[in-house]
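These notes concern the structure reproduced below.
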Amino acid sequence: MPAPSQNTSRRDIALAALAGITPTPGVSKPDPIIVADHVVRKFGGLTAVNVSHLEIQRGAITALIGPNGAGKTTFFNLLTGFDQVDEGSWSFNGVKISGTPPHKVARMGMVRTFQLTKALYRLTVIDNMRLAATKQKGESILRAALPFLWNDQEKAATARSEELLTRFKLIDKRDDFAAALSGGQRKLLEMARALMVEPELVMLDEPMAGVNPALKQSLLGHIKDLREDGMTVLFVEHDMDMVRDISDWVIVMAQGVIVAEGPPNIVMRDKAVIDAYLGAHHDSTLEQDRG
Amino acid sequence: MDFIFIAQQSFSAALGVNTIIFALAAIGLNMHFGYTGLLNFGQAGFLAVGAYSVATLVVSFNFPLWAALLAGILNSVILALLLGLPTLRLRADYLAIVTIAAAEIIRQIARSATFNKYLGGSDGITGKFGKDFFDLNPFKDGLDTPFLRYNGNDLWVVVTGWALVIVVLFVMWLLVRSPWGRVLKAIREDEEAVRSLGKNVYLYKMQSLIIGGIVGSFAGFVYALSRQSVQPDNYGTALTFFAYTVLILGGAARVFAPIAGSIIFWFLLVFIEQMLRQAVGAGYIPEWLIGVNQVGQIRFMLVGLGLMMLMIFRPQGIFGDRKELALDARA
Ligand SMILES: Nc1ncnc2c1ncn2[C@@H]1O[C@H](COP(=O)(O)OP(=O)(O)O)[C@@H](O)[C@H]1O
Ligand SMILES: [Mg+2]
């Protein structure tokens, strides 16, 4: 288990950058990696997402919290191209990416995980990892049948996969089918796999859901490590202790709208947030593994 | 009962022309269904396109055979594009519906009076369109041994057909063990996860559909050439389902499964038929129970029964991995 004090440098930078910012919804950040404007998604009569302005600070760990049905997952889906907006646009690294299909979003360096883990069950753990390596020559149909063209690259991808599996303590499961992993291990695998893409921004949808306490600690450590490795993290979580522990900034969503944002200690004392969110949350904490 | 004859018939069938046709059809389906999870219920359509391309272009348009074969491949690519472009972005069941309908449309067009001049209507096309192929036959005398017996033309089809199967299988093996094949298998498991990792799922599904379709058209070539005739009703839905039977019998997503499945399927079909025929002929089975004319139907019933037993006791197919199948239940 990594000691919390060990990783401080990037955290200090992130905290310093966010220090002077007024904690109010839609406030601008010094170095945003994502800027979203007027993002609206309706399902029939229900407005699931209605975000007028939002910026995500580069290099920081930002938590997106809010009661069930607040629109967090839908917002993730929109940003990553898995769902289409009714209105609005957003940019990643200053490039407008609204309307970009998911695979292109991922290639640009913005990789997400899913609330319901998507381990590829009948692939081995190592193949789950290797799959995610980028720019692989052997993935082209024209070269696939000619192994000498891609063998070296495949070896490199395997080595990197093994390195990550070791870091995520899954190396013992290297040749098992992903289906043979526990729920928590699948979450670890999904996160490790996302890192194979070498993303700049990692978006985690409820990484702790259904994970046992022991694994939770190591997951927490891994998320902090992402920041120390220079990545930006945006994650959805219900576990308030965890949010307080690892996030540099917290965004609160309720009924599709951003109702508050700011540093964790300030936001979590906000009366509006406690009303909108924490009350509802305490009722729903027991609901561990909801669909 | 003449057991030598029964063995000869059964083994000849096990390695025969039909086995080759269904092995190729199932190899194509294995690419679609076994590796990519695409539900193609219109494999018969790809066979029909291959078979009719050869017959029509040679007989009605005087193409040389090699050019007709190339055109057949091209046509199967076009069919795959037509099927895939509108459906592969949608849920898996759309492809299933569209392919089953498309194969029927192809069959009905082939049967229609409108195109009678070129496609021969419900009688199909019979002619010497395989002449270029059979002219090359070095085995004009055929083969007559206690276990295998083929006439000259059949022997040539069998030899070249198995050569084709081996080449196709080798290419398949190279493809599915490559990173490209890994993407296909991942798509079978969960498309969205694959998208989230930066892969263009639509493109891969299209490539899979095209490649499996081309192999299906190869089966059509063998079908047409071996009989020197094409008939629309040979390319009905039943053909697709027999190809699935062959695939699942062997074990989906195993490279060699289609061959093993096809050999076993045709061996059993002919073996049961010959056994019944002789048993009825020799009076071991009373006439009131099974008549000679009913043997043809009853062999299918028995094979069906055998398949049911297989699915109950070995649902992963003969070469499949039970553990892997159980994982499908998302255990
Ligand atoms: N595909 C969909 N069709 C209809 N309604 C949906 C769909 N996806 C989400 N919703 C609705 O949108 C709202 C937001 O859902 P979601 O984004 O999953 O919330 P969260 O992740 O914050 O719990 C919910 O009311 C949910 O029922
Ligand atoms: Mg959610």
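Looking only at the range B:170-205, which residues are crowded, with 19+ Cβ neighbours inside 10 Å and either more than 9 Å from chain A (Cβ to nearest Cβ) or β-branched (Val, Ile, Thr) (or both)?
Once the filter is applied, which keeps residues that are crowded, with 19+ Cβ neighbours inside 10 Å and either more than 9 Å from chain A (Cβ to nearest Cβ) or β-branched (Val, Ile, Thr) (or both), the range B:170-205 yields B:172, B:176, B:183, B:184, B:187, B:191, B:194, B:201, B:205.
Which of the residues spanning the range A:167-215 are outside the structural domain of residue A:237 (by TED's automatic domain parsing), among the charged types (D, E, K, R) and either surrounded by 21 or more Cβ atoms within 10 Å (Cβ to Cβ) or within 16 Å of ligand 2 (Cβ to nearest atom) (or both)?
A:186, A:187, A:190, A:193
Just to be sure I understand the filter: pairs with C-beta atoms under 6 Å, separated by 6 or more residues or on different chains, first member in the range A:74-91 and under 18 Å from residue A:111 (Cβ atoms), second member part of a loop (DSSP other than H, G, I, E, B) and within 11 Å of ligand 1 (Cβ to nearest atom). Which pairs pass?
A:77/A:83
Can you find even one residue in the range A:72-81 that is more than 16 Å from ligand 2 (Cβ to nearest atom), within 14 Å of chain B (Cβ to nearest Cβ) and not basic (Lys, Arg)?
yes
Is it true that some residue in the range A:150-161 is more than 21 Å from the chain's Cα centre (by Cα), within 13 Å of chain B (Cβ to nearest Cβ), part of a loop (DSSP other than H, G, I, E, B) and modelled with pLDDT of 95 or more?
Within the range A:150-161 (the criterion being more than 21 Å from the chain's Cα centre (by Cα), within 13 Å of chain B (Cβ to nearest Cβ), part of a loop (DSSP other than H, G, I, E, B) and modelled with pLDDT of 95 or more), the answer is yes, since at least one residue qualifies.
Would a scan of the range A:56-70 turn up a residue that is modelled with pLDDT of 95 or more, of a type in the set (A, V, I, L, M, F, W, C), within 13 Å of ligand 1 (Cβ to nearest atom) and assigned to a loop (DSSP other than H, G, I, E, B)?
Checked against the condition, which is being modelled with pLDDT of 95 or more, of a type in the set (A, V, I, L, M, F, W, C), within 13 Å of ligand 1 (Cβ to nearest atom) and assigned to a loop (DSSP other than H, G, I, E, B), the range A:56-70 yields no hits at all.
Would you confirm whether or not the range A:238-245 contains a residue that is within 16 Å of ligand 2 (Cβ to nearest atom) and within 14 Å of chain B (Cβ to nearest Cβ)?
No, every residue in the range A:238-245 fails to be within 16 Å of ligand 2 (Cβ to nearest atom) and within 14 Å of chain B (Cβ to nearest Cβ).
Between a residue in the range A:216-241 that is in a helix (DSSP H, G or I) and any residue that is among the charged types (D, E, K, R), which pairs come within a Cβ distance under 6 Å, given they are 6 or more apart or on different chains?
A:227/A:10; A:228/A:10
One residue is enough: does the range A:86-108 have a residue meeting the conditions within 15 Å of ligand 1 (Cβ to nearest atom), more than 25 Å from residue A:225 (Cα to Cα) and outside the structural domain of residue A:174 (by TED's automatic domain parsing)?
yes
So which of B:113, B:96, B:101 is out of contact with any His (no Cβ under 6 Å at 6 or more places or on another chain), over 18 Å from residue B:46 (Cα atoms) and of a type in the set (A, V, I, L, M, F, W, C)?
B:113 is the lone residue from the list that is out of contact with any His (no Cβ under 6 Å at 6 or more places or on another chain), over 18 Å from residue B:46 (Cα atoms) and of a type in the set (A, V, I, L, M, F, W, C).
Quick one: would you say residue A:114 is within 15 Å of ligand 1 (Cβ to nearest atom), in contact with a strand residue (DSSP E or B) (Cβ under 7 Å, 6 or more places away or on another chain) and part of a helix (DSSP H, G or I)?
So residue A:114 fails the test.
Can you find a residue that is touching a residue at least 12 places away in the same chain (Cβ under 8 Å) and within 12 Å of another protein chain (Cβ to nearest Cβ) anywhere in the range A:164-175?
Here is the first cut: in the range A:164-175, the residues touching a residue at least 12 places away in the same chain (Cβ under 8 Å) are A:164-165, A:167-170, A:173-175.
The next check asks that each one be within 12 Å of another protein chain (Cβ to nearest Cβ); those that pass are none.
No, the range A:164-175 contains no residue that is touching a residue at least 12 places away in the same chain (Cβ under 8 Å) and within 12 Å of another protein chain (Cβ to nearest Cβ).
Is there a residue in the range A:29-48 that is within 14 Å of another protein chain (Cβ to nearest Cβ) and within 15 Å of ligand 1 (Cβ to nearest atom)?
So in the range A:29-48, the residues within 14 Å of another protein chain (Cβ to nearest Cβ) come out as none.
Scanning the range A:29-48 turns up no residue that is within 14 Å of another protein chain (Cβ to nearest Cβ) and within 15 Å of ligand 1 (Cβ to nearest atom).
Going by the structure shown, is residue A:186 under 23 Å from residue A:117 (Cβ atoms), among the basic types (Lys, Arg), out of contact with any helix residue (DSSP H, G or I) (no Cβ under 6 Å at 6 or more places or on another chain) and within 13 Å of another protein chain (Cβ to nearest Cβ)?
Yes.
If we scan the range B:102-110, do we find a residue that is touching a Ser or Thr at 6+ places or on another chain (Cβ under 6 Å) and of a type in the set (Lys, Arg)?
No, every residue in the range B:102-110 fails to be touching a Ser or Thr at 6+ places or on another chain (Cβ under 6 Å) and of a type in the set (Lys, Arg).
With respect to residue B:230, determine if the residue is touching a helix residue (DSSP H, G or I) at 6+ places or on another chain (Cβ under 9 Å), among the hydrophobic types (A, V, I, L, M, F, W, C) and touching a residue at least 24 places away in the same chain (Cβ under 8 Å).
Details: touching a helix residue (DSSP H, G or I) at 6+ places or on another chain (Cβ under 9 Å): yes; among the hydrophobic types (A, V, I, L, M, F, W, C): yes; touching a residue at least 24 places away in the same chain (Cβ under 8 Å): yes.
Yes; evaluated as a whole, the condition is true for this residue.
Have a look at A:63, A:119, A:48 and point out the one that is within 16 Å of ligand 2 (Cβ to nearest atom) and more than 14 Å from the chain's Cα centre (by Cα).
None of the others qualify; the one that does is A:48.
Looking at B:128, B:117, B:140, which one is assigned to a helix (DSSP H, G or I) and exposed (fewer than 12 other Cβ atoms within 10 Å of the Cβ)?
That would be B:117, the only listed residue that is assigned to a helix (DSSP H, G or I) and exposed (fewer than 12 other Cβ atoms within 10 Å of the Cβ).
Look at residue A:94 and say whether it is more than 20 Å from residue A:232 (Cα to Cα) and either more than 16 Å from ligand 2 (Cβ to nearest atom) or buried (at least 16 other Cβ atoms within 10 Å of the Cβ) (or both).
So residue A:94 fails the test.
Give me the residue from the range A:242-258 that is part of a loop (DSSP other than H, G, I, E, B) and crowded, with 21+ Cβ neighbours inside 10 Å and, out of that set, nearest to ligand 1 (Cβ to nearest atom).
The selected residue is A:256.
Only residues that are part of a helix (DSSP H, G or I) and at the interface with another protein chain (Cβ under 10 Å from one of its Cβ atoms): list them for the range A:137-148, please.
The first filter runs over the range A:137-148 and keeps only residues part of a helix (DSSP H, G or I), leaving A:137-139, A:141-144, A:147-148.
Result: A:137, A:138, A:139, A:141, A:142, A:143, A:144, A:147.
For the range A:103-136, give me each residue that is of a type outside the set (D, E, K, R), more than 15 Å from residue A:202 (Cβ to Cβ) and facing chain B (nearest Cβ under 7 Å).
A:103, A:120, A:121, A:123, A:131, A:136, listed by residue number.
Suppose the filter is crowded, with 18+ Cβ neighbours inside 10 Å and at negative phi; does residue B:97 pass it? Spell out the reasoning first.
Values: crowded, with 18+ Cβ neighbours inside 10 Å: no; at negative phi: yes.
Criteria not met by residue B:97.
The values are calculated or read from the model by the stated rules, or taken from the named source; none is laboratory data. The structure displayed is predicted, hence computed values, not measured ones. Neighbour counts are summed over all protein chains in view; Cβ atoms, including those assigned to glycine, are modelled from backbone coordinates with ideal geometry.
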